[in-house]
Structure formats: C-alpha cells, structure tokens
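Presented below is the structure to which this report refers.
Computed from the coordinates by the stated procedures, all read-outs in this text should not be read as laboratory data. None of these values were measured; they are calculated from a predicted model. Here the Cβ positions follow ideal geometry from the backbone for every residue, glycine too, while neighbour counts run over all protein chains shown.
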2 protein chains.
Amino acid sequence: MDINNNTESLPYVHKVGLPPKQTLFKEITAAVKETLFSDDPLRQFKDQPGSRKFILGIQTLFPIFEWGRDYSFSKFKGDLVAGLTIASLCIPQVIIILIHLNFVFVCTFADSSFVPPLVYAFMGSSRDIAIGPVAVVSLLLGTLLQDEIDPSKDPINYLRLAFTATFFAGITQLTLGLFRLGFLIDFLSHAAIVGFMAGAAITIALQQLKGLLGVAYFTKKTDIVSVMRSVWSTVHHGWNWQTIVIGVSFLAFLLLARHIGKKKKLFWMAAIAPLVSVILSTLLVYVTHADKHGVKTVHEIKRGVNSPSLNEIFFSGEYLGKGFRIGVVAGMIALTEAIAIGRTFASMKDYHIDGNKEMVALGTMNVVGSMTSCYVATGSFSRSAVNFMAGCNTAVPNIVMSLVVLLTLELITPLFKYTPNAILSSIVISAVIGLIDIEAVILIWRIDKFDFFACMGAFFGVVFSSVEIGLLIAVSLSFAKILLQVTRPRTAILGKLPRTTVYRNIQQYPEASKVQGILIVRIDSAIYFSNSNYIKERILRWLTDEEEHLKENNLPRIQFLIVEMSPVTDIDTSGIHALKELYSSLQKRNVQLVLANPGPMLVDKLHASRYAELIGEDNIFLTVAEAVHTCAPKMKELVEP
Amino acid sequence: MDINNNTESLPYVHKVGLPPKQTLFKEITAAVKETLFSDDPLRQFKDQPGSRKFILGIQTLFPIFEWGRDYSFSKFKGDLVAGLTIASLCIPQVIIILIHLNFVFVCTFADSSFVPPLVYAFMGSSRDIAIGPVAVVSLLLGTLLQDEIDPSKDPINYLRLAFTATFFAGITQLTLGLFRLGFLIDFLSHAAIVGFMAGAAITIALQQLKGLLGVAYFTKKTDIVSVMRSVWSTVHHGWNWQTIVIGVSFLAFLLLARHIGKKKKLFWMAAIAPLVSVILSTLLVYVTHADKHGVKTVHEIKRGVNSPSLNEIFFSGEYLGKGFRIGVVAGMIALTEAIAIGRTFASMKDYHIDGNKEMVALGTMNVVGSMTSCYVATGSFSRSAVNFMAGCNTAVPNIVMSLVVLLTLELITPLFKYTPNAILSSIVISAVIGLIDIEAVILIWRIDKFDFFACMGAFFGVVFSSVEIGLLIAVSLSFAKILLQVTRPRTAILGKLPRTTVYRNIQQYPEASKVQGILIVRIDSAIYFSNSNYIKERILRWLTDEEEHLKENNLPRIQFLIVEMSPVTDIDTSGIHALKELYSSLQKRNVQLVLANPGPMLVDKLHASRYAELIGEDNIFLTVAEAVHTCAPKMKELVEP
C-alpha cells in the first residue's frame, strides 16, 4: 500500500498531462463566459423550438407567468396572511422613517410602497423578498440629497433631485443586470455589510433622538459627535418630559415584543406591535390632549396618489450629474441588500436566484418608480423575514401589501393629527436596533481577524464620519486583504505521513517526517508579479534554514528541492522569471529543482516559456511521492562515492 | 499499491490535523514579520556579542566595510577596466540626453554622474549596478517638471523644483526602505515594465527628431500625435539636409556597433561607439565648418562642480507640494529600475540583494544628490550590463566612472563648441532603441494574454498620452487581473488515475475516471467574499450537469460530493456562509458533502465557525482517496435495498 516500502522497483511513473492546446479565441470566449455568464442563463433555451423559446423568454423576463400557472387558492391563503402581516409592519415602520428624515418625502412615502412592489411581483424571481422603502437606503439617500439641496429651503428641487437619483439608481441596477456585471456587488464583503449596517443603525437611531426627546432644533449632520453635541446643547430648554415618557415607554413595549417575537410561533407579536403602538399612542394623545402640552404630533399629511413624475427628473443642468452620482451609490447599496436577502431565503428553501435577472427586475422597478413619484425601493430584511415566517409562497404578498398600505393610509391619514412624533421615533429605533448583529460580529472575530477590522472600519466610518466614508473604508480594507494574501502567500515544508504516500504540512501534521536529502516546499498561491520575488526568496530561505540545521547536526546536505505546485493555479511572466532565477540560484548551490503536480494552466505556461525544457521534463512529476521516489535512488549515487 | 483494489478492509484513516492554537498577538506578529521582514534581516545579529553587533551594524549600513576588507589588486584591475568602459558609455550617452531635454539641466548633468555613484559605492549592496542619470527617469522628470514651470521662461525656479523633486524622490526611497515597504514596488509587473520602457523609448526617440532633423521649433508635448504633427509642419522650411546626413550616418554606425556588440567578446564595441562618434563628428564639423551651414552644435556648456543646493530646495510655498508629487513618482520609477537591475545581476552571480537595504542606499544617494546640485539618479540597465560583462567585482567601478567622467568633462567641455546636436540625437536614439524588447513582448504574449494587454496598455498609454497615464493603465490592468482571478477562480472535476490513488483534473488527464455515485470537485483558490457565491453556485452547477448526464444514461445518482480543498489556502466569513449554504442546498438534494485535505488555516476556521460540527467531523478527510474509500461502502447500503 505504500510505494516507499519498495525502493528497488520504481513504481509506474505517470507523465504530467499537458492540456489540449486551445486557440486564443476559445480561451477568451471561455474566460468571458465564466466571468459574465457563469450561471449559463441560456441553458433552458437549448434545443427548444422557436415558439417554446418565445414563451420561455417571456417567462424568464416575467417569472409571474411561470409560477402564475400553478397558482392555487391554498397558496393564496398563505400569501394573503403574509401580505397582511408585512403590511401591518410596513405601515408604521418604514413609511414613517421618512417623515423624520424629511417632511417633503411624505407625499412619496406611500407611493414607494405601492408601485415598486407591484412591478417586482411581475418581474422578480425571489419568492420571499418584501419590497418597499427601507431604513438604510432612505437614510443614505436623505443624507446625500441634503448635502446638495436643503429641503426646508427648496423642497421642490429637493424632491426632483430625489426622483433623479431614483431614476439613475434604477438605471444602474438595470445596466449591471443587463451587462451581467452582477458579480461587482460581491465586492462588498459580508463583514463590511455587517459593520455598515450596524453603523447605519446607530446613525439612524441617533437621528431619532430628535423625536424621542422632543427637541425642536437639531443638527442635520449624521456623525455621532455632531448629534451628541446637538442633543447636549438642548438639554436645558429643549426637552419635553411628556414626549420622553410616551417615547420611552412605547420603545420598551416594542423591544419586549421584538424579544417575544424571536420565538417562531410568536413572530406576529413583533410584526403587529408597531401598528398597535401607533394606534394606542394616537388614542392616548387624543384622550389626554397631550398635544397641547408640548408633545409634537405628525399633524396633517398631504396625500397624492402616484402622480406622474417623469417630467420632474433632471435630464440636464447641474443636478443631472449630482443625481447620477447619488443614484449610483444608493442603487448599489439597495442592490446589495436585495440580493443578499434574496440569496439567503433562496438557500433556505433551496431554489435558485439569478442575481443578474434579479437586478433587471429591481432596476425596472426603480425606473418605473422614479416616474410615478417613488424613491429608491429595495428588499427589506425584517419584512422579508416576517414574510417568510408568515408562510408566503410567491411574490403575491407584495401585491397584497401594496394594496393594503394604500387603502389603510387613505382611511387613517386624518388620524395622524394626534399621532405623536415620539412614537414614530420609538418604532424606528426598535426596528434599526435589529440591524446590529452582535452575534455575527463575534463570529467574524472568531473566524477572521482581518474581516473584523474591515467590519469595525465600516462601523466607525459610518458612525464618526459618513455613510460614504464607512463604505470606502470597508471596501478598501477588504481589497487590501486580498492583495496582501496574494503578495505574501503561505509556503509550507511538507513531510511524509507515516504508512502513507501522502505529504503534508509538517506544522499541521507533526507526525509527518522529512525525507533525507530532499526538501519539499509547497507554494500556496498563484504566482504573480506581486509575489514572485517573495516566493523565490522564501523558498531559498527555507533551503538556507534547512541547510544550517543539517550542518549543525552533521546530516547529509539537501540535494533535491521538490516544489509542490498543486495550489499554484496560475503564473504570469514575472512568475516565470522568478522560477528561472530560482533555478539558476539552486544550480549554483548544486541543488536540483523538481516540480510536482503542476496544474493545466501551469503546465501550459511552463512549456510556452520553455521552462520545462530548462529544468528538464523528467524533473516534473505527477505527485510528490513519485518525485521523492525517483529522486531518492539518484541521490544514493551522489552520496556513496 | 492501490488502496481502491481492496474495498473490504478499510485503510488506516488519518485524522485531519488541527494546527496548534495561536494567540492573537502571535498571529499578528507572525503576519507582520512575514509581510515586512520576510527576509529576516536581523538573522546575522542573533547570538552575537555587543561589539560584534556594532561592527555588523556598520557593515550592514555600509557594505563597503564588508567587501573592502577582502579587496585586492586583482579585483581592482577588473573594476578599473569596467569603470573606464562604463565611463566611456556614460559621457556621451546619458549626459547628453539632458541637453536635449532641457538646457538648464546641463549644469547638473555631470554632477549627477559624480556624487550619487560615490554615495552608492559606500552604501549599496549590488556589485554590478552602474549608477547615474538614466534616460527613462530623465524623460519622466523633464516632462513632469515642464508641466509645472516652463524652463525657457523661469530656469532658476525650474532647477529649484528639480532639486526639490530629487530630494523627495530620495526621501520616498529612504522611507520605503526604512519602513520595509519595499514589496510595494513589486506591484509593477514585469509585463507593465516592458511596455512602459518600450513606450518611453519611442517617446524619447521621437523627441530626438528635433536634433536629428535640425528642426528649430518643436512641440514640448511628448505624445506621438503632437510630435508627428510638429515634425510634419516643419517639413517645408525647417529641415537641414547636412544635419540629417550627419545624424543618420552616425545613427547607422551606432546601430551597427550595437549589433556587433551583442557578441560577448565584442561588447566593448558597443560601449565605446558613442564616444567615438562624438569625437569623429566634432572633428568633422570642425574641419568642414558645417556649423556655418545650419548644422546646430552644442556650443558652450556652463560648468560648475557640485555647488551646494540645499538652500535651493523648496521647503515651503506652492512648489513644495508639486515637487513632492513629482518626486514620489520619479522616485518610485527610479527604484523599480534599480531594484530590477540589482536582482537580475544578483541572481546571475547568486548573491543576495536586500531590497529594503538597497532602497535606503538609493534614497540616501538621492537626498545627498539633491543637496549637491544633482537630480534623480538610479541604476542604468545598459551600463550595468556593460559593467557586468567588463568583469566588475565590486561597486568600485562607480567610483572610477564618476572620477573619469568629471575629469574628462573638465578637459573636453571647450570642444563641445563643434559637437553637432544631431550626433547626440543619434546616440540617444540608438541607446533607447535597446529599451524596446520585442523578444520579451513575444514571450509575454505566449505565456499570458492578460499580461500582454497590460504591457500594450502601458506602451500605448505612454506613446499616445503621457508617462503617468501609461503607468496608471498598466498598474490598473495588473490589479484587475489579480482581482479577476480571485473573483472567478477555477474549479475542476477530479477523476482517479488508473493504477494509483491519485485524483486529478479529468480535463488535464483524460485517462482519469470518475467514481460511480461520487462527484469530486476541486476549488482552485482561497474562498473570499469576492468569490464565495460564485464557488457555491459553480459547485452546484457541476452537480446539476453531472446529474442530468447520469439521468440520461440511467446511471445511479450522485450521493456524495467530495470537495478537494488543497488549494484553498484561506477562507473568510463570507466563504463560511457560502459553505453553509452549499451544505443546506446539498442536504435538500440528498447529497452528502465531504471535504478533503483542508489546510491549517481552513481547519482552524472550520472549527472556529462550528462548520466542522455542522457537516460532521467524520466527513472531513485527509485525502480524496480516503474520502472515496470511506464513502464507497456507505453508498452500497443506500443503493442495494
């Protein structure tokens, strides 16, 4: 079983396979296909007649025609319950975030939870996502827009810029989807998103202190230092105790409901608590006349159902560029959130989400939205989770929700006169606190320290500076990590595991033993310009260390250096140069270089560069075991005389 | 020999090793050490008494005290010949590039080939490098400086800015060396440098058309379009046929000498040809009085030996920032060239170059240079090659050269009155043509197509736009390549090679056979946020493809998916998430996930994230062979009933 027990007869030595030569065109086609069409989206169209192709095309673009055919009353029952549940969560929670962000948003708030979910229901492929305006994107958009136009001074242009940004957010999403560049959003790492969301949650919660404390004048900046200073400066004359009592007690109620709602069977508690709070607090104010004692209420809300807004979008002028920039940022963030949600629930129910198709759906939804007085909508994590738990089957709950929200708001708008602002702040705070995922942060710390730094970078960037800075820090740190790994790859000394022909890292397997006269090194990365010199010098350093150690112990010197190439997936011209330098350095030291198990790319390039000829074809082996086995007898000859 | 022949008795199954747990501090220390001190620079100081440490320290800082002790007369003979040879190459070639670039540089030209080589001789660790002003850096510096100050209008500030830039170039190099950030220059890939050098050569050669054609008015822009337009517009009234005759005939002579000089024994032909040309052409003009017939000559050159220039450096004002920016760019380019040369020749003679120490030497040299009227000097490839072939032994040729150049120029400066500009242009053109390395480009094309695009990007960027754009394109393309590789890593289906227990890519080894009921997939990259989703979906796609294929052929379905993890050197939190999703998708399909040979980092993180518990410790194997061997009997039970 162990080929090394038997040194007399050499085992059958496999030749290292040279992959079939490909033409340049084929190579490029394959690379483009794997990069942009890795999910092979046209697979189902293959070998189908024309009419079937047309139907499949329609179904691909509008999945509702696919699942709609099997739709049954029993499915609808589940969807109806889910739709009503997310509507009850949606009505107070999200819509009212907007009142706090900017009053002018009010006229679009209901619209954003009406048109986009309808569009998504037709085009989206996720069965669980709940579409609508969400806290993080709303905050981001509000902050970015305020930097350009002060909504209290120029509300009309502010709103127009919001529509412009929404339009370009949709266009961005649509473009990424159509050009199949969906993989770009993968560049936001999980760790970065966790940090970013937690930071955004803190920022949003801090903004709500205005409503919760009944403060009249408040800073427009979002960083924690400005906000705390603003809170502090108003402590003596601005706080209103009645407001604080209402706000804090309902916040406690909401957090309790959240906590109870964690049990799967009681999830509806968390879902309806916000609506209950709004109703109770409105009644309370109406009964106690607290609005006469300084408790601020929402008062009247102007309503207008989805008036066309296409002609309000800036298609020229200075705001075009600004709207474009804001739209791209908001669109990307919205996309990241929606795709992450879609993927999470798809893997729970094991169906497939096509990221690029999803982007087309989200993009269309926002472009249509921007023309009907909506601002950027996306998938909401909390509502999607409730939707999932309430037993949704298709995208129908989105339709149910949008209709219910619209009707309810038409009916209850007059009641908002007595709804205290504080209750809305409480709802927002209790909602965004769920975005702070301490467990995930602990897990990140345990798995990967560098990820943790990226996560904290995003968090502190958002909290102490701004949303954009936080994102920038997180993305830069994530990239730095990849580059660092590529620049300083790991190398390992291999030893033979007892009673096997398996060679493994001697640090991981202390029982593995070195082979006399042979040093076996594994390179754990593709060899590129950024690491080729390091790899060369690291290998020579392993050799120097080993030789010193051997000399001290009067052991025979190293005669063969076997480089295990399994993990070396690719090499570039700088890498070939470094290997050539390694070979000539080893020649000077009278050590023979031997390669084991180069992959297809590598074999191809070793031949193209004539490196295989340089070190000799017979010094390239299929496995380390074969290399050791062939080198060991040769060495004897050298030692004995 | 083949464990699979014998399915009755299971082989000894190795446990996958869990590396010893490290503390966070140790982990970070190890990472910092490997990133910044990968060459272990303090190794020789270990276990040495204090006085010895001091001597070693001095020798480390000034290697001349190390090799100086063994310096002998026989070594000096070789060094003297080498020094004289590179001096004869240096006098016309490099110095005179500068006249063409900017007249004001003249007073510093000799200085730059005097002070820096002296400083380097004391501090540098390369034995072959020849220090002085070089074409590419001169061009770059000239272009960048001209963008800020027009030398014909404000020569004094122009010169001061040049010293400022040189100062900061030195500081940049010194800082990189001291903070051991030398690995940053590895980010300029070999391919990018080849393209950049070729582009720079074309640009420099085009600039020389002014002298070669005897054109009076010439554009200051460096891109090919501007230059050709400038040449074309002067065709009717600006060209001087006598100048062209002299220039072209000596250019032919120089190119011939270059060609002959490629033979190792005749290398001196190429080395002395420029000096010979200058002498001959000067005589020619003196005899024929061609300077009276429109042949432009150098006329007088102001000389001043290394006056102190410390007080001319801008340490405040608007030029401080500009000088800093130019200095950083020029310093990095100069560094890249010097380190590349040093490494090349060090590997030829097999001695070790410490990149960071080398940077300290180069940085000090330029800081001192900037205070003694020099501009950025670095290693010249052509002169270093001549130096190497002339048999240099130490850094002494640099001292010889600097003295010879200084004395010669003092003597022959008056003769420059009759030296035609055209001859200098010819020398420059013949010199820079050597920077165009067609063979390297062909090799790059053969080895790596993407590298070739980076190379061409740098080339066309420099030729059609500017040096900075060319560099930017090359660096961006190189990074894009790394990121693309990390985003779309390769995966492969493995099969068993006949008569072995070795599993290899079935594309590379068509004789490898799949194992019934088991799909074996290898992931060829670390799993990071940028590729985790792709990897998960790619594996599921392999599975779907295989299952369809099996169904068509009525073969038993896949029951085990073995993922070979050998090349997976690292994983982050996004990667763990993707693996969890993969596991739950496979559970839904009733396929068992099995991992083979996870490395130390991976084992550590699989345990930290409890993933090992999730899929079951007994589903993680040391090798694919063991995994197959353990799964195969289990499968039978499932199939038989």
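Listed by chain and number, the lysines whose C-alpha is less than 16 Å from the C-alpha of B:LYS221, apart from same-chain residues fewer than 8 away, are B:LYS210. Convex hull of alpha carbon positions in chain A: directionally averaged projected area 38.0 nm².
What FRET efficiency would be calculated for the residue pair B:LYS349, B:PHE62, taking the C-beta separation as r and a Förster radius of 25 Å, to the nearest 0.05? It comes to 0.75.
Here each label is just a point 7 Å from Cα along the line to Cβ, and for A:ALA608 and B:TYR286 those points are 5.6 nm apart. Checking the Cα-Cα distances for B:LYS264/B:LYS417; B:LYS514/B:LYS588; A:LYS496/A:LYS605; A:LYS264/B:LYS588; A:LYS605/B:LYS265 against a 32 Å cut-off, the pairs over it are B:LYS264/B:LYS417; A:LYS605/B:LYS265.
Placing a label point 7 Å from Cα along the Cα-to-Cβ axis, B:LEU283 is separated from the same position in the other copies by 11.5 nm, shortest listed first.
Placing a label point 7 Å from Cα along the Cα-to-Cβ axis, A:HIS549 is separated from the same position in the other copies by 4.3 nm, shortest listed first.
Think of the axis that spins chain A onto B; the A residue whose C-beta lies nearest it, and the distance in whole Å, is A:PRO567, 2.
The DSSP beta bridges internal to chain B are antiparallel in roughly 45% of cases. Largest first, the extents of the alpha carbon coordinates of the stretch A:153-294 on the three principal axes equal 59, 48, 29 Å.
Summary value for chain B: 23 percent relative contact order, contacts being C-alpha pairs under 8 angstrom separated by 6+ residues. Eigenvalues of the alpha-carbon gyration tensor of the stretch B:332-420, scaled by 5 and square-rooted, set the equivalent ellipsoid semi-axes at 27, 18, 12 angstrom, largest first.
Across the stretch B:506-558, Cα-Cα pairs farther apart than 16 Å form 52% of the total. Near B:LYS46, which aspartates and glutamates are there with a Cα under 15 Å away, not counting those fewer than 8 places off in the same chain? Counting by Cα, and skipping residues close in sequence, B:LYS46 has these aspartates and glutamates nearby: A:ASP545, A:GLU548. Once the chain from A:ALA31 to A:LYS153 is taken as fully extended at 0.36 nm per residue, the excess over their C-alpha distance is 38.7 nm.
Think of it as helices only: each DSSP H run of n ≥ 4 in chain B is worth -39500 (n - 2.57), and spread over all residues that comes to -20000 deg cm²/dmol at 222 nm.
Would you be so kind as to identify all helices of chain A, as entire DSSP H runs, whose Cα atoms reach 27 Å or more along the helix's own axis and whose mean Kyte-Doolittle hydropathy is at least -1.0? Helices meeting the criterion: A:73-101, A:155-178, A:241-261, A:267-288, A:318-349, A:467-487. Report the percentage of all Cα-Cα pairs in the stretch A:371-413 whose separation exceeds 15 Å, rounded to a whole percent. Every Cα pair in the stretch A:371-413 considered, those over 15 Å come to 56 percent. The charge dipole of the protein assembly as shown, taken about its Cα centre with unit charges on the Cβ atoms of Lys, Arg (+1), Asp and Glu (-1) only, comes to about 480 debye.
Note on the stretch B:164-228: Rg/Rh from C-alpha atoms, Kirkwood Rh, equals 1.16. Beyond 18 Å in Cα-Cα separation lie the following of the pairs A:LYS53/B:LYS551; A:LYS349/B:LYS580; B:LYS551/B:LYS580; A:LYS481/B:LYS449; A:LYS75/A:LYS349: A:LYS53/B:LYS551; B:LYS551/B:LYS580; A:LYS481/B:LYS449. For the protein assembly as shown, the spherically averaged projection of the C-alpha convex hull amounts to 59.1 nm².
Ranking B:ALA431, B:VAL486, B:VAL475 by how far each Cα lies toward the positive end of the dipole of the stretch B:426-487 (charges on Cβ) leaves B:VAL486 at the top.
Computed log10 I(q)/I(0) for the stretch A:104-195 at 0.23, 0.26 Å⁻¹: -1.36, -1.40, from the Debye equation with unit scatterers placed on every C-alpha and solvent omitted. The value for the stretch B:308-369 of Rg(Cα) / (2.2 N^0.38 Å) is 1.42.
Simple point charges give the picture: +1 on the Cβ of Lys and Arg, -1 on the Cβ of Asp and Glu, and for chain A a dipole about the Cα centre of about 1040 debye. For the stretch A:218-295, applying the loop criterion from DSSP together with a ceiling of 11 other beta carbons within 10 Å to the trypsin sites (Lys or Arg not before Pro) yields A:LYS262, A:LYS263.
Here the calculated FRET efficiency for B:SER584 and A:VAL235, from their Cβ-Cβ distance with R0 = 45 Å, stands at 0.30, rounded to the nearest 0.05.
At the listed q of 0.09, 0.12, 0.14, 0.21 Å⁻¹, the Debye profile of the stretch A:489-639, built from one uniform point per Cα, gives log10 I(q)/I(0) equal to -0.25, -0.46, -0.64, -1.52.
Among bridges DSSP assigns within the protein assembly as shown, what percent are antiparallel (round to 5)? Antiparallel: roughly 45 percent of the beta bridges in the protein assembly as shown. With contacts taken as Cα pairs under 8 Å at a separation of at least 6 residues, the stretch B:489-639 carries a relative contact order of 22 percent. Between copies, the label points of A:LEU403, set 7 Å from Cα on the Cα→Cβ line, lie 10.0 nm apart, reported in increasing order to one decimal in nanometres.
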